[in-house]
Amino acid sequence: MGLPQPPPATDHDQLENLGLSRRRFLAGTAATGAALAFAPMRSVQAAAGDALTSKSVTEIAAMIASKQVTSVDVVKACYARIDAVNPKLNAVVATCRERALAEAAAADTLLASGKSLGPLHGVPFTIKDSFDTAGVVSTGGTLGRKDFVPGKDATVVARVRAAGGILLGKTNTPEFTLGGNARGTYNLIHGQTYNPYNQAYTPSGSSGGAGAIVAAGGAYFDIGSDYGGSIRGPAFVNGIAGIKPTLGRVPRTGHIVGYGGAYDFFQETGPLARRVEDLTLLMSLLNGPDFSDATMAPVPFGDPAKVNLKSLRVAWYTSNGTIDASSESQALVKQCVAYFTALGCTVKQDQPPKMRQLWEIRQKYENADDRAHIRALLKKHGTTQASPGLRLDGEEVPSADFTRLLEEMDAIKSEQLAWVEGYDLIICPAANTAPQKIPAEFVRPPNSPAAAGGGYTSQYNTNGWPAGVVRAGTSKDEPGMPLGIQIVGQPWRDDVVLAAMAHVEKQTGGWQLPPI
C-alpha cells in the first residue's frame with residue numbers, strides 16, 4: 001500500500017497579510033488543474049509566457065537592465081507559470097507574492113533612476129526550503145518547523161538578494177534534506193514532489209523541488225545543498241544544470257544541516273539553473289567566506305571563459321567499482337568524451353583509486369554514532385514524528401574505531417589527490433540508470449545507488465572535489481526522460497568544471513522545456 005499524500009501546500013504569505021485562505025488556495029489550484037486538463041497542450045498564451053520564463057538568468061537580467069521588460073512583469077510571469085504547473089509538481093511549497101511584487105516595483109523604480117542593485121537586479125528565484133529566509137516560512141521538511149519563520153536570511157540567500165535577486169518562494173525538500181530515500185523529495189508537511197517531464201517519475205532529492213520548478217520554467221534558478229548528490233541528482237533527472245562546488249567555497253550558514261560537527265565536510269551548497277552560463281554568474285556571487293562558516297576559504301573563483309579546453313587531461317569511467325552503468329549511460333559518457341577528444345585533449349579511461357572503499361568507510365562513519373546526529377536534529381527542532389524516509393538506525397562504535405574510520409577516509413582522500421594531479425577533468429555517469437519512477441513505499445530498490453557502491457556522486461562529497469551535472473541527452477530506456485553527465489575537477493578548479501559543462505551543453509543543446 002502506498003503512503004497517503006498530503007495536498008499541495010498552501011501559500012505561506014501569512015506575514016505578508018495577503019488574506020489568502022487555505023480553502024481559497026486549494027479551490028484555486030483545483031480550478032487551475034481542471035482548466036489544464038481541458039486546455040490545449042501549448043496555448044498561444046502559454047507559449048508567450050514560456051518564451052519569457054524560459055530565458056536564462058543571464059538573458060533575463062540583461063533584458064531587465066536594458067528595460068526591454070520590467071521586473072514586475074517577469075515576477076508576474078513566473079508566478080503565472082508556478083500557478084500553472086505546481087498543482088502537478090508540488091515543487092513550490094511557500095510563496096511571498098506581495099513582498100516579491102513590491103520588491104520588483106522598487107527594482108524598476110531604482111532602475112528608472114539609473115541605479116542597479118547588481119547583476120541579478122530584478123531577477124526572480126526560488127530557494128530550497130532547507131535554507132532560512134527572513135520573513136518567509138522555512139520548514140526544512142520537518143514537522144517541528146512547519147510554521148517557523150526566520151528573522152535572518154541564510155548567507156546564500158542574503159548574497160543573492162543583495163545582488164538584486166527577488167525571492168518568489170520555497171521549494172520542497174525531504175526532512176533535513178536526508179529523508180527522501182528512493183522517492184526523491186517527500187516529507188510529512190508538504191508530501192511528494194513530481195518530475196516535470198513525467199509525473200510518475202522522481203524529481204530526485206534532496207533539491208527535488210528546486211530541480212523540478214527550475215526545469216518547468218517557474219523560477220530562473222534555485223540554490224540547493226548536496227550531502228551525497230542532492231544538487232547533481234535533481235539536475236540529472238530534471239534535465240538542468242547544477243554544480244556542487246569545492247568544499248570550502250560556498251557558505252552553509254543558515255542551512256538546516258549547517259556547518260560544524262563530525263559530518264560537516266560532506267555538505268556543500270550550490271546553484272541549479274537551466275544554463276551553465278547561469279551557474280558561472282551565480283558562483284561568482286556565492287563564493288567566499290562569510291566569517292561564520294568555519295570551513296570556508298578565501299580562494300578566488302576562476303573565470304571559466306579563460307580555461308583552455310584543448311589543453312585538458314581527461315579521465316573517464318563508466319563503472320563505480322560495483323556495477324556498471326546502464327548501456328545508454330555508458331554510451332552518453334563516451335559521446336561526451338568524444339567532444340573533448342575532438343578538441344585534442346589527452347583522454348584516458350581511468351578513475352580515482354579506492355572509490356568503493358571510500359564509500360564503504362563513509363557508510364560506517366555516518367552510522368558510527370548510531371545516527372545520534374539525526375536524532376539531535378529532531379530534538380533541536382522539536383520534531384516528534386520523523387518522515388518515513390529518514391534513517392534513524394545505525395551502529396555505535398567505540399571512539400577509537402570512530403577515529404580510525406576518519407583516518408582511513410583521509411588516507412584514501414590523500415591517495416586520490418595524488419592521482420588527480422595527473423588529470424584536469426573527470427567525465428563519468430551521474431547515476432547508474434535513467435531517471436526512475438517513484439516507488440510506492442520507502443524502500444531502496446536492489447539496484448539503487450545506496451545498494452550499489454554509493455552511486456556516482458557521494459564520493460565527491462567525501463573528498464570535496466567540485467562536480468557538476470548538465471543535460472546531454474534523452475533516455476530511450478525511460479522514454480522522454482532527460483539524461484545528464486557528471487563532470488568533476490581538481491579541488492578549487494570549479495572554473496574548469498563549468499567550462500567543460502558549457503562545452504557539453506553547446507554540443508548537445510542542454511535543457512529542453514518539459515511538456516507540462
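The values are calculated or read from the model by the stated rules, or taken from the named source; none is laboratory data. Bear in mind the structure is a predicted one, so any value in this text is a computation, not a measurement. Cβ sites come from the backbone with ideal geometry, for glycine too, and all protein chains shown count toward neighbours. The protein model used for the area step is the full one, side chains on, heavy atoms only, and it has no ligands, DNA or RNA in it. Shrake-Rupley method; radii C 1.70, N 1.55, O 1.52, S 1.80 Å.
What to note about this one:
- Screening Thr295 against (1) touching a Cys at 6+ places or on another chain (Cβ under 8 Å); (2) polar (S, T, N, Q); (3) open to solvent by 40 Å² or more (accessible area, probe 1.4 Å) leaves a single unmet condition, (1).
- Criterion violated by Tyr365 - all others in (1) part of a helix (DSSP H, G or I); (2) touching a strand residue (DSSP E or B) at 6+ places or on another chain (Cβ under 9 Å); (3) hydroxyl-bearing (Ser, Thr, Tyr) satisfied: (2)
- The condition (being under 12 Å from the mean Cα position of the chain (by Cα) and either surrounded by fewer than 24 Cβ atoms within 10 Å (Cβ to Cβ) or of a type in the set (D, E, K, R) (or both)) is satisfied by just one residue among Asp278, Asp264, Asp226: Asp226.
- Of all the listed residues (Thr155, Thr171), the sole one being under 30 Å from Ile60 (Cα atoms), hydroxyl-bearing (Ser, Thr, Tyr), open to solvent by less than 10 Å² (accessible area, probe 1.4 Å) and in contact with a Ser or Thr (Cβ under 6 Å, 6 or more places away or on another chain) is Thr171.
- The residues in region 226-245 that are part of a strand (DSSP E or B) and more than 13 Å from Thr457 (Cα to Cα) can be counted, and the count is 1.
- Hey, Ser230 farther than 28 Å from Val307 by Cβ and in contact with a Gly (Cβ under 8 Å, 6 or more places away or on another chain) or not: no
Residue-wise test of (1) free of Cβ contacts under 8 Å to residues at least 40 places away in the same chain; (2) not in a strand (DSSP E or B).
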site: Gly122; (1), (2): no, yes
site: Ile127; (1), (2): no, no
site: Thr139; (1), (2): no, yes
site: Gly144; (1), (2): no, yes
site: Asp147; (1), (2): yes, yes
site: Gly151; (1), (2): yes, yes
site: Gly169; (1), (2): no, no
site: Phe176; (1), (2): no, yes
site: Ala212; (1), (2): no, yes
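- Qualifying position, being surrounded by fewer than 24 Cβ atoms within 10 Å (Cβ to Cβ) and at negative phi, among Ala219, Ala162, Ala212: Ala162
- All told, Lys55 falls short of being buried (at least 18 other Cβ atoms within 10 Å of the Cβ), in contact with a strand residue (DSSP E or B) (Cβ under 7 Å, 6 or more places away or on another chain) and among the charged types (D, E, K, R).
- Residue in region 242-259 that is within 19 Å of Val497 (Cβ to Cβ) and of a type in the set (D, E, K, R) present: yes
This table checks each residue for (1) assigned to a helix (DSSP H, G or I); (2) over 30 Å from Thr142 (Cα atoms); (3) of a type in the set (A, V, I, L, M, F, W, C).
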residue: Pro251; (1), (2), (3): no, no, no
residue: Tyr259; (1), (2), (3): no, no, no
residue: Ala262; (1), (2), (3): no, no, yes
residue: Pro271; (1), (2), (3): no, no, no
residue: Thr280; (1), (2), (3): yes, yes, no
residue: Ala294; (1), (2), (3): no, no, yes
residue: Ala297; (1), (2), (3): no, yes, yes
residue: Phe301; (1), (2), (3): no, yes, yes
residue: Ser329; (1), (2), (3): yes, yes, no
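- The conditions of being assigned to a loop (DSSP other than H, G, I, E, B) and under 14 Å from Leu279 (Cα atoms) are not met by Trp492.
- Filtered residues of region 86-134 (kept if open to solvent by 40 Å² or more (accessible area, probe 1.4 Å) and of a type in the set (Ser, Thr, Tyr)): Thr109, Ser113, Ser116
Condition check ((1) of a type in the set (Gly, Ala, Ser); (2) open to solvent by 20 Å² or more (accessible area, probe 1.4 Å); (3) outside any strand (DSSP E or B); (4) in contact with a strand residue (DSSP E or B) (Cβ under 8 Å, 6 or more places away or on another chain)) across all residues:
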residue: Gly321; (1), (2), (3), (4): yes, yes, yes, no
residue: Gln335; (1), (2), (3), (4): no, yes, yes, yes
residue: Pro353; (1), (2), (3), (4): no, yes, yes, no
residue: Gln357; (1), (2), (3), (4): no, yes, yes, no
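- Test: residue in region 434-449 that is at pLDDT below 95 and either among the β-branched types (Val, Ile, Thr) or part of a helix (DSSP H, G or I) (or both): yes
- Boolean, Leu188 is in contact with a helix residue (DSSP H, G or I) (Cβ under 9 Å, 6 or more places away or on another chain) and surrounded by 24 or more Cβ atoms within 10 Å (Cβ to Cβ): no
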